[in-house]
Amino acid sequence: MSAALPPGPRMPSALLSIGWARRPFPLMKRCRERYGEIFTMSILHSGTWVFLCDPDDVKKVFTAPPASMGVALANPLLLPVLGARSVMLLEEPDHMTRRRLMLPPFHRERMDGDVEMMAEVTRDEVRRWPSGEPFELWPRMQAITQEVIMRTVFGADDPQRLGRVRAALTRLTEALNNPKRLSRLAALGPGWIARSRGFREAMEPVEEALLDEVDRRRREGDGGRKDIVSMLLDARYEDGSPLSEKELRDELLTLLTDGPTSSSLAWVFERLLRHPDKLARLQEEIDAGESSAYMDAVVQETLRLCPPVPVVARRLLEPMELGGYELPAGTTVAPCVYLIHRDERFYPQPRSFVPERFLERPPGTYTWIPFGGGVRRCLAASYAELEMKRVLRTVLAEVRLRPVGGDSERVTRSAISFSPDKRARVVAEPRRAPIPSERWQPDPIYS
């Protein structure tokens, strides 16, 4: 067993960071081909990461005792945006304590009550779409997912009053997704964005609006509300103490900041529209209204092919043997979602969009990991899948969509996730209008 780190590309970390920022997928693919199932990359502002492509190693990481794994940031935006007291960034044992406080809103019974609200929000948004004219679908998905989480967090009794929060969040999302700002973030690191005047000008109105709403709720009482902000205000630690202002700020921003669900929704439509036979099969299932098996498979395949994040990251607090190497405490290990999801040992024709594969076999615990795994698996994973399915079903019941152009859209980096490079351009028409006949062979979406 080797005590050295696994091999990896020998180039300056600044140069490697440019490749990681601009073309992470081809970079990981080349490293896998050259170095095998485990390799090391030193990335400027992020440190040295050991990438894991073997599900057995991923299992070791995800099932390790919580006290042996610490927080590592796969995305440098997370700390300045979410805050150090976000459940996503807390170390143990604080993480498990906070996670227990945050779990009730994501229980199945609570989520099922939001299904019709998701459909209502989607129908309202679809009514605003242009008919017969090209438009970008990704921003429309952002509008839907933002309104859904706003109502989930604050309730829907007075949507006008929350206009200030909504507008501030929209400006923050636009600021975070600014391509120039993302490029400077890659070059200068998270410390730069935390000090950036433009970032603070976008973030401070959000923080003020959120804490004003929290203060109003405290003064008026929850009035029997069951929304998330009421649950967080009522939550108590074992010693009876409530969440602090800083903790409330960080958890609300964790919930409300535009996350990967809108990007995943843009991808599910982009993939379906490039595969008319898959779209037709899903449309038949929706119209029949008797099953959701193919819908489930479509969402699972989209999350396999276009995962919200390419890696998840953990920091070893104790030495661990992985891939034949004895990695020391302090090492950042990165189970590689992207490469595992495209391993032909587990997924024949891995670059093809084939929802049927999940009708034949359910997703593997350590070979299908779009939401990570273990005790730090995304809290809102089930909610995100439920929302994707409800939005997809509602949109396809209301309109017929066709893509703008025949070529598949490529991948581009956004603030939190990866989105279609043309923002999923489509044309929408009422269901009664026929879908024009289109013929093409879809291109791979990743290099």
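The values are calculated or read from the model by the stated rules, or taken from the named source; none is laboratory data. Note that the coordinates shown come from a computational prediction; the quantities given were computed from them, not determined experimentally. Cβ sites come from the backbone with ideal geometry, for glycine too, and all protein chains shown count toward neighbours. Just the protein is used for accessible areas: all its heavy atoms, side chains included, with ligands, DNA and RNA removed. Shrake-Rupley method; radii C 1.70, N 1.55, O 1.52, S 1.80 Å.
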Mind checking the full-extension length gain between residue 421 and residue 365? Use 0.36 nm per residue of separation minus the Cα-Cα distance, one decimal, nm. 17.2 nm
Note on region 144-281: alpha-carbon gyration tensor, axes a ≥ b ≥ c; rule is a/c under 1.5 for rounded, else prolate if a/b larger than b/c, else oblate; result oblate
To the nearest 10 square angstrom, what accessible area does residue 59 show with a 1.4 Å probe? 100 Å²
Only Cα pairs under 8 Å and at least 6 apart count here; give the relative contact order of region 259-391 as a rounded whole percent. 26 percent
Heads up, region 92-163 by the C-alpha gyration tensor (a ≥ b ≥ c square roots of eigenvalues; a/c under 1.5 rounded, else a/b over b/c prolate, else oblate) looks prolate
Between region 114-171 and region 275-315, the Cα center-to-center distance that results, in Å: 22 Å
In region 283-337, the GluC sites (Glu not before Pro) that fall in loop regions by DSSP, at most 11 other Cβ within 10 Å: 290
Accessible surface, 1.4 Å probe, highest first, among residues 413, 431, 23, 128: 128, 23, 413, 431
How large is the accessible surface per residue of the chain, computed with a 1.4 Å probe and reported in Å² as a whole number? 44 Å²
Could you order 387, 120 by accessible surface area, starting with the largest, using a probe radius of 1.4 Å? 120, 387
Which whole-number percent is the relative contact order of the chain (Cα, under 8 Å, 6+ apart)? 26 percent
Quick one: accessible surface of residue 35, probe radius 1.4 Å, all protein chains present, in square angstrom to the nearest 10. 60 Å²
Okay, which of region 114-158 sit inside 20 Å, backbone N to the point 7 Å along the Cα-Cβ direction of residue 218? 153-155
Euclidean distance of C-alpha centroids, region 324-401 and region 1-56, integer Å: 21 Å
Could you tell me what percent of the accessible area of the chain is made up of carbon and sulfur, with a 1.4 Å probe and every protein chain present? 51 percent
Only sites in a loop by DSSP and with at most 12 other Cβ atoms within 10 Å count here; which GluC sites (Glu not before Pro) in region 158-264 make the cut? 238
From the cross-link list 29/59; 60/180; 60/226, the entries with a Cα-Cα span beyond 32 Å are 60/180; 60/226
How would region 247-380 be classified by its alpha-carbon gyration tensor: rounded, prolate or oblate, with rounded meaning a/c under 1.5 and the a/b versus b/c comparison settling the rest? oblate
